[in-house]
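Undergrad: Here it is: the structure, laid out below.
The values are calculated or read from the model by the stated rules, or taken from the named source; none is laboratory data. These numbers were taken from a predicted model, which means no experiment stands behind them. Every residue, glycine as well, gets a Cβ built from its backbone with ideal geometry; the counts of neighbours run over all protein chains shown. Ligands, DNA and RNA are excluded from the accessible area calculation, which covers all protein heavy atoms including side chains. Shrake-Rupley method; radii C 1.70, N 1.55, O 1.52, S 1.80 Å.
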Amino acid sequence: MACNEGGNIMKDMSGFIHIILQMALLLTISKILHFFLRRFGQPSAISQMLAGLLMGPSCLIHSPLYRHYIMPNINEDYLLSLATLGRMCFMFLIGLEIDLPYMFRSSRRAAIIAYGGALPCSVLAACFSPVIYYLTNAHGSRLTFALTLMLIFSNTASPILVRMSTELKLTTSEIGRIAISAALINDMSCLTIIAIISTGATATGGSDSLGFSDRATLGLIALALMTFVTLVTRPFVRWINHRNRHRHSIRNTEVVVILIFVFGVSVITEMLSYNSMMSCFLLGLMFPRDGGTQRTLVRKLSYPVNHVILPVYFGFIGMSTDLFVVFHARFFWTVVIVVCLNTFGKVLGTILATQYLQFPLHEGLVLGFLLNVKGHIDMIIITMARKNNIWGQDTFMVFLTTIMVSTFIAGPSSAFIVRRERRALKYMSMGLEFQKPDSEVRILACVHGPRELPTMVGLIEASRGTDPTKTPLAAYVMHLVRLTQKMATTMLYHQQEDHRMDDNDEDELGGDDARQINTAIDAFTMENGITVRQVTAVSAFSNMHEDVCNGAEDVRASIIILPFHKHQRVDGKMVLRHAPCTVGILVDRGLGTGPTAVASSSQVGAAHHNLVAALFFGGPDDREALAYASRIAVHPNISLTVVRFLPMRRGEYEAGIEMEASKDNEVLIAINNHEKEAQVDEEFLSRFYDRYVVTGMVSYVEKFVENGADTVTALSAMEGMYALYLVGKGGRGISPLTMGMSEWEDCPELGSIGDLLASSDFTTTGSVLVIQQHNKTNEGDLDEDFLML
């Protein structure tokens, strides 16, 4: 008996070693394939499926040497367990990272797209099911066959779609986020239908030994379990966050406990004969977005899930497929018909749905092909059909091949359309002036330390207005950390993914400053309900601008807000070039007393009333500043006053323009440009006046001045009246209203008005936000002086 136990142990060890060897080979082959395929824009999921296809019964398994040393047997149970583990982890990670406010806002559109794409697929499946039933030699109920086929046609694999969207750099775009939301709605709907069908399967003669009442009981137990877990998760996570409130990350033991809890719930759900995808996703959704728990789990799970576990999940689909089955003519044409009908129905339905929602045609095409990817739920459906004797092994393999082929078509097709429509789909900020008042504002606020944080998050809080559903906001805080020699050595040693965030190491990624920022933002999120995502940029000051610009492009920012350079502790200037959006420079005069002030009131947008002034002289930058001011004007605790500066005498004003322009011998061009800008200013102010001033939301004041000296006098009279001044950097052309003011500028990057408000001579206690509009015609070439830190 002892010998038998020893033999079993050796057999298990041998099987485990072969699994490790197969995983290593799968990852290696997929990396090699992706090295070549990525040049054609193909996502890594395609390479990983192809690697599984090569390793499975379709190719290498027929080699005696390979079968003897590498794959003595296809450990399907082990691989299935690993694939299930990968699916659990990935769905949990999706739940942790999903943008909940956006998902709720876009639920109607996402549902229309999801069900709009599924409806034609279901109709086509129902119509052609008799033909496919005959071609596949299926047996069993024709009605059940048709329902199963409708599910296969309609489903979208959200894990594969998320991965493809990430590699196509669509996850932060509108089309990428709506695709992910639609795929999740589709997945959850299909899982619900599968649960209902499996519950009633025995009533229609299924082979399951459980009766209807037993399955219904298990379903109620699963529902009670998820209800209990939902009620317990948030208090449990908040307790962990409170326990680690002064740490950047939670402890490793706590991470292990949480993962055991997640896997335990998933395993129990599977034991109850229900799929655990929904439970894992809901668990991730339940985690509070504030605190170190969510931040730590995302950081620790992202790399192993995306680079190890998920490739095994995708590779398992390929390894389960035997293409030799479809070499039979009847089965081959079945695959062709199913793939063509499936793709046609999904793309057509999605295009019709997106046209109803007034999406551009190319976005409808991309969504159509992305939503046609197949994966784990389809495998559950075809496995369940085989188990219930709806079809046999050959038919099972035929439909498994259609899953592979549909996904192969979806990846390259989406990549081709994205490349072809690169200019239309790429991130291009068009300035707040040209956006709808209810469009989403994406703010990237940069800080060097806790000192700048209170006013930055105050602006974020003020920018959300009264109703976040009507004025959607996506906020990011980028901590700019100067790269030191010691930090560089440490990062090289730990290689980033394994980089430890030890509390005793004050120099790692911002040290104590980073912990103070994390604590303050977590407290701010908990109090105000605004999710603020944190990004850390570690680089030398000489090239920190690249991190800021790349970060703005990655998050598709509408506006970058930078702290004024005089608050830096290091000499020198950092020039930000090629900013892809509007840029604001904040001169902070102490709106808050430190990072802890953020938790209670960040002054701007706090519980008491704040007076904000938007100064308008004319030009694109002032229009952009006023457009941003309109976003915060709807906040209940902010009173906005628009102060427009006008010439006292129009004739002398125009004469002054001609006099200034004549110095450069460009009189006609200057006058013509001035007239065009003046017309645009009037049209913009007219719309602003009707929307905000007439309704009583904003006060409007006109000040008449003759020259730069009068302007300085008028501004000096406003000292101490406002908590925040918004003004454009420049772009006013030749204006007598600011004539001579540039001669005594200390900081030309702020413009003449911003420099005056920021100067020590102007003893106001109000902060100043100087804004320069992004120039689409010269994308990325904002004035270098303006972009200095």
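Undergrad: Having 1 or more residues that are modelled with pLDDT of 75 or more and either farther than 29 Å from Glu167 by Cβ or open to solvent by 50 Å² or more (accessible area, probe 1.4 Å) (or both) is the bar; report the helices (runs of 4 or more DSSP H) wholly within the range 461-560 that clear it.
TA: Counting at least 1 such residues, we get 511-528, 544-555.
Undergrad: I would also like to ask the following. Here are some residues: Val325, Val338. Which one is at pLDDT below 90 and not in a loop (DSSP other than H, G, I, E, B)?
TA: Matching residue, one of Val325, Val338: Val325.
Let's see how each residue does on (1) buried (at least 24 other Cβ atoms within 10 Å of the Cβ); (2) closer than 21 Å to Ile409 by Cα:
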residue: Arg299; (1), (2): no, no
residue: Ser302; (1), (2): no, no
residue: Phe316; (1), (2): yes, yes
residue: Asp322; (1), (2): no, yes
residue: Val325; (1), (2): no, yes
residue: Val338; (1), (2): yes, yes
residue: Ile351; (1), (2): no, yes
residue: His376; (1), (2): yes, yes
residue: Met379; (1), (2): no, yes
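Undergrad: Somewhere in the range 242-260, is a residue open to solvent by less than 40 Å² (accessible area, probe 1.4 Å), closer than 15 Å to Cys89 by Cβ and touching a residue at least 60 places away in the same chain (Cβ under 8 Å)?
TA: Within the range 242-260, none of the residues are open to solvent by less than 40 Å² (accessible area, probe 1.4 Å), closer than 15 Å to Cys89 by Cβ and touching a residue at least 60 places away in the same chain (Cβ under 8 Å).
Undergrad: Between a first residue in the range 141-164 that is of a type in the set (Gly, Ala, Ser) and a second residue that is part of a helix (DSSP H, G or I), which pairs have beta carbons less than 6 Å apart while being 6 or more apart in sequence or on different chains?
TA: Ala146/Ala126; Ala146/Ser129; Ser154/Ala118; Ser154/Cys121; Ser154/Ser122; Ser158/Ala183; Ser158/Leu184; Ser158/Asp187
Undergrad: Just checking, which of Arg295, Arg330, Arg289 is farther than 16 Å from Met91 by Cβ and open to solvent by 50 Å² or more (accessible area, probe 1.4 Å)?
TA: Just a single option satisfies the conditions, and that option is Arg330.
Undergrad: Would you please name the residue that is surrounded by the fewest Cβ atoms within 10 Å (Cβ to Cβ), looking only at residues in the range 389-417 that are in contact with a Phe, Trp or Tyr (Cβ under 6 Å, 6 or more places away or on another chain) and not hydrophobic (A, V, I, L, M, F, W, C)?
TA: Filtering the range 389-417 for residues that are in contact with a Phe, Trp or Tyr (Cβ under 6 Å, 6 or more places away or on another chain) and not hydrophobic (A, V, I, L, M, F, W, C), the one surrounded by the fewest Cβ atoms within 10 Å (Cβ to Cβ) comes out as Ser413.
Undergrad: Filter the range 687-708 down to the residues that are part of a helix (DSSP H, G or I) and open to solvent by 60 Å² or more (accessible area, probe 1.4 Å) and list them by number.
TA: Within the range 687-708, Arg687, Tyr689, Asp690, Arg691 qualify.
Undergrad: Ok, one more. When you scan the range 270-280, how many residues do you find that are closer than 19 Å to Ser189 by Cβ and open to solvent by 10 Å² or more (accessible area, probe 1.4 Å)?
TA: So the answer is 3.
Undergrad: Please verify whether the range 588-607 includes one or more residues that are over 25 Å from Glu749 (Cα atoms), crowded, with 23+ Cβ neighbours inside 10 Å, at pLDDT 60 or above and out of contact with any Cys (no Cβ under 8 Å at 6 or more places or on another chain).
TA: Checking the range 588-607: not a single residue is over 25 Å from Glu749 (Cα atoms), crowded, with 23+ Cβ neighbours inside 10 Å, at pLDDT 60 or above and out of contact with any Cys (no Cβ under 8 Å at 6 or more places or on another chain).
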